[in-house]
Amino acid sequence: MENEFAPHVEEIKRALGNEIDDNSIITDLKKLLEYRVPLSEAKRSLIKKYGGTERSTALKLKDIKIGEHNIEVTGQVIELTKKTINIKSIENTIFSGIIRDETAARRFTAWDDFGLNVGDVINITNAYVRNWQEGPEINFGKKSSITKLTSTIQISQEDVQKKLSELRDGDVNIHTVFTILSIGLREINTRSGSKNILTGIAADEDTKLPLTSWVILPQLMAGSTVEIKNAFIRSFRGIPSLNINENSTVTKIDKSIEYKEPRRVMIGDIVKKEGAFDTIIEGNILSIRPGSGLISRCPECSRVIQRSVCRVHGRVNEKMDMRTKAIIDDGTGALTLVLDAGLTQKICGFTIEEAQQIAKAAISQKAVEDEIRKKLFGKMLTSRGNMSKGDFGTMFVASNIWESQNITKEKAIELLGRLGYHG
């Protein structure tokens with residue numbers, strides 16, 4: 001056997017699990033490499049040709065990376081929802097949720113019904129990892145194999161209390177203390193039907209985070225301060241969300257935590273983070289991006305659509321909306337500021353109906369974008385909201401906006417003072 005091919009032949013034979021002549025494998029492998037097929041792809045092709053299955057790479061959840069294929073993971077299903085999606089006019093039912101091992105918790109999507117239930121400990125082979133809202137998501141379908149196990153997931157007993165600001169995507173076995181600013185019931189669809197969960201806002205002295213509880217507990221009520229153990233984090237576009245389930249311990253404590261309202265942060269600092277929840281930025285509007293002004297949305301899913309056609313729901317009766325997408329810069333960095341119809345009206349001074357009249361008079365919807373540009377270009381604005389990262393870059397979705405105070409004189413005096421002039 002040619003020495004250079006020996007390890008690759010052994011790898012292929014292990015995957016096949018049967019006796020295949022070494023020379024046949026070498027001949028086929030050489031032929032594929034002569035056609036400039038990458039070695040890894042050539043090996044996969046031969047395994048498939050001879051009727052075998054390529055061995056999956058076993059990984060811990062904290063180690064999975066976007067773009068990986070044919071991986072093997074073992075974990076416990078701790079969250080599971082069911083939904084129907086429309087792909088090329090064909091309805092498909094998929095299952096999504098959270099799986100955890102002793103190292104991390106990650107989102108997953110099952111494209112077939114594997115009979116999963118919350119609490120199942122499963123081993124998954126031939127799965128792949130895709131990018132979902134700038135984070136890794138495990139996917140498995142027809143080519144994947146799932147085995148339900150009787151073993152349990154051993155979670156580390158390390159019990160270090162953390163501040164909300166220290167929590168990161170995938171963290172498990174979380175111990176923290178916070179006050180509940182707001183909370184309410186929300187209905188979701190699960191494998192066994194509709195289910196009520198609690199969603200709200202948690203806060204300690206300097207940080208606010210979204211909160212989800214998959215169990216209804218009397219301790220979780222607005223105004224209460226609670227100590228949580230064995231919670232986990234899942235993120236949406238970089239913003240951590242604190243999750244509580246039946247394995248978590250929730251204790252109401254007699255402690256007062258006063259959340260301090262957010263202070264303004266520099267854009268250069270915020271864009272270095274994966275995401276930010278409820279923060280304030282200030283800067284000048286440098287440009288108004290295409291896609292501002294009047295837009296059409298699907299009445300079912302609120303996606304932006306063109307010519308009354310939604311890629312999910314087909315032809316629909318479009319719903320008119322308005323938004324602003326602007327570049328805001330404070331000298332340390334820049335990002336895209338997004339204002340909904342209400343905030344666009346607040347800062348520009350016209351409603352959706354008035355915007356439609358502007359478009360009608362100009363015989364062009366672009367006239368509304370131009371009007372927004374006239375109103376906002378060069379203005380100094382302060383905005384409060386959430387920062388996230390996605391396929392369209394770094395976005396700051398505003399919950400409020402206002403014109404900054406005219407403090408040019410004060411800034412000039414401050415600058416002169418730094419330069420040593422005190423006249």
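Applying the selection to segment 105-125, what residues are more than 16 Å from ARG234 (Cβ to Cβ) and either in a strand (DSSP E or B) or of a type in the set (D, E, K, R) (or both)? Within segment 105-125, ALA110, ASP112, ASP113, ASP120, VAL121, ILE122, ASN123, ILE124, THR125 meet the criteria.
Does segment 79-104 hold any residues that are in a loop (DSSP other than H, G, I, E, B) and among the charged types (D, E, K, R), and which are they? Talk me through it step by step, then tell me what you get.
Residues of segment 79-104 in a loop (DSSP other than H, G, I, E, B): 88-89, 101-104.
Listed by number, the residues that qualify are LYS88, ASP101, GLU102.
The residue that is farthest from THR152 (Cα to Cα), among those in segment 98-123 that are touching a Gly at 6+ places or on another chain (Cβ under 8 Å) and buried (at least 21 other Cβ atoms within 10 Å of the Cβ), is ALA110.
Could you please find all residues in segment 27-45 being of a type in the set (D, E, K, R) and in contact with a Leu (Cβ under 9 Å, 6 or more places away or on another chain)? Let's see the steps before the verdict.
Our first condition is that a residue be of a type in the set (D, E, K, R); within segment 27-45, this holds for 28, 30-31, 34, 36, 41, 43-44.
Residues satisfying the conditions are ASP28, GLU41, LYS43.
Taken over segment 140-170, the criterion of being closer than 30 Å to GLU68 by Cα, free of Cβ contacts under 8 Å to residues at least 24 places away in the same chain and assigned to a strand (DSSP E or B) is satisfied by SER145 alone.
In segment 247-258, the residues that are acidic (Asp, Glu) reach residues that are surrounded by 10 or more Cβ atoms within 10 Å (Cβ to Cβ) and part of a loop (DSSP other than H, G, I, E, B) with C-beta atoms within less than 7 angstrom, at least six apart or across chains, in these pairs: GLU258/GLU205. Cβ-Cβ contacts under 6 Å between residues 6 or more apart (or on different chains), taken from a first residue in segment 320-331 that is within 26 Å of GLN357 (Cα to Cα) and in the same structural domain as ASN284 (by TED's automatic domain parsing) to a second residue that is of a type in the set (S, T, N, Q) and in a loop (DSSP other than H, G, I, E, B), are listed as THR324/SER292; LYS325/SER292.
This table checks each residue for (1) assigned to a strand (DSSP E or B); (2) over 26 Å from SER96 (Cα atoms).
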position	(1), (2)
VAL172	no, no
THR176	yes, yes
ASN196	yes, no
ALA202	yes, no
PRO210	yes, no
VAL215	no, no
GLN219	no, yes
ILE228	yes, no
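Select, from ARG191, ARG186, the only residue that is exposed (fewer than 15 other Cβ atoms within 10 Å of the Cβ) and of a type in the set (Lys, Arg). Result: ARG186 is the single residue among ARG191, ARG186 that is exposed (fewer than 15 other Cβ atoms within 10 Å of the Cβ) and of a type in the set (Lys, Arg). Checked against (1) touching a residue at least 60 places away in the same chain (Cβ under 8 Å); (2) at positive phi, GLY393 passes all but condition (1). Mind checking whether some residue in segment 44-51 is assigned to a loop (DSSP other than H, G, I, E, B), surrounded by fewer than 16 Cβ atoms within 10 Å (Cβ to Cβ) and modelled with pLDDT of 85 or more? Within segment 44-51, none of the residues are assigned to a loop (DSSP other than H, G, I, E, B), surrounded by fewer than 16 Cβ atoms within 10 Å (Cβ to Cβ) and modelled with pLDDT of 85 or more. If you filter segment 147-173 down to residues that are among the aliphatic types (A, V, I, L, M) and under 16 Å from LYS60 (Cα atoms), you find that the one that is modelled with the lowest pLDDT is ILE155.
Residues considered: GLN345, GLN356, GLN365. Of these, the only one that is touching a Gly at 6+ places or on another chain (Cβ under 7 Å), polar (S, T, N, Q), farther than 26 Å from LEU209 by Cα and touching a residue at least 12 places away in the same chain (Cβ under 8 Å) is GLN365.
The values are calculated or read from the model by the stated rules, or taken from the named source; none is laboratory data. Given the structure is predicted, the values throughout are model-derived calculations rather than measurements. Every residue, glycine as well, gets a Cβ built from its backbone with ideal geometry; the counts of neighbours run over all protein chains shown.
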